[in-house]
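Here is the structure we will look at, set down as structure tokens.
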Amino acid sequence: MQYWVSTILLILGIYIAISIALYYIQDYVLFKPEKLPKDFQFDYENQETKEYNLETRDGAVINGLRFFPKGESKGVVIYLKGNSKSIKGWGKFAVDFTRHGYNVLMVDYRGFGKSTGKRSQKAIKRDLQVVYNKVKEKTTEDRIILYGRSLGSGFATKLASMNNPKMLILDAPYYSLTKVTGRYMPFMPLSILLKYPLPTYKWLKYVQCPIHIIHGTHDKLIPYKSSVKLSQINAKLTKLHTVIGGGHKNLNNFESYHNMLDDILNSEPKTIDLETTSINVIHSAKKTKKKA
């Protein structure tokens, strides 16, 4: 009996130790920042940019970069990036929007690039709302598009749920970060331990603008089925775009992805008179003949 009690206590002790370690190291596991010196100069071929530094109420500095289109602007895309590197590298994707006539604003989260400050889910959400408010000072909300890529998809959804942008575009989004990490640590109490649960599915219910979800069928980090589930939450406003064969980091290498962006950014929503369609037609059940 004593042996089993000791074994159970040992297993319990190891479990608690792992839980405590996970709580303190999760920032290092989740975020892969690239830090840049204050005097770093951004430079992109054939791209006109302007750098911004926004000081927050707790003294942090959020660094951002604005990319300008050639010709008249159709609006602003606030691009919320993934969990790695800095806007130095992510800036290469701005061309996918400037070519359609949109300004693109990219910002680095706290601890990324030139941005400073102690990172937390609450702080990042607050920072991004301040950024959104600054954009609203220059243009109207019906000209603002929120684009969230991977980690940024949760923050973009939260922003959209609290504001009224033109549309929300989610690129390889997760149902919640708790669900994603739960695939790798199914026996850990992640709902308690995670400092960044990012429940996209909860926030999506309150979004009132058109929602476009783009996901690859071969995404091994965030499964395609997570976008299928998300698309059902606010179904009337949501359209799911599928990149056949697309993984988590290579959607931009597929022509279909760029065709989807073209449709999303340049097509005006159409109102269909459902009374002229077959929406109310119900397939009748097959009748079986009764035996005499």
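What to note about this one:
- Each residue, Q129 and N252, gets one label point 7 Å from its Cα in the Cβ direction; the gap between the two is 3.0 nm.
- The mean accessible area for residues of segment 34-266, using a 1.4 Å probe and ignoring ligands and nucleic acids, is 48 Å² per residue.
- Scattering curve values for segment 34-266, log₁₀ I(q)/I(0), Debye with Cα scatterers, q = 0.09, 0.16 Å⁻¹: -0.35, -1.19
- From the largest down, segment 70-144 spans 38, 26, 16 angstrom on the principal axes of its Cα atoms.
- Exceeding the 31 Å Cα-Cα cut-off - candidates K114/K225; K70/K225; K50/K125; K138/K205; K35/K225; K158/K220: K114/K225; K70/K225; K35/K225
- With every protein chain in place and a 1.4 angstrom probe, the accessible-area ranking of D262, D219, largest first, reads D262, D219.
- For the Cα trace of segment 15-172, dividing Rg by the Kirkwood Rh returns an Rg/Rh value of 0.99.
- Stretching the chain fully between I272 and H100 yields a gain of 59.3 nm (0.36 nm per residue, less the alpha carbon separation).
The values are calculated or read from the model by the stated rules, or taken from the named source; none is laboratory data. Quick caveat: nothing in here was measured; it's all calculated off a predicted structure. When we count neighbours, we look across all protein chains shown, and the Cβ atoms used for this are built from the backbone with ideal geometry, even at glycine. Quick note on the areas: whole protein, heavy atoms, side chains included, nothing else; ligands and nucleic acids left out. Shrake-Rupley method; radii C 1.70, N 1.55, O 1.52, S 1.80 Å.
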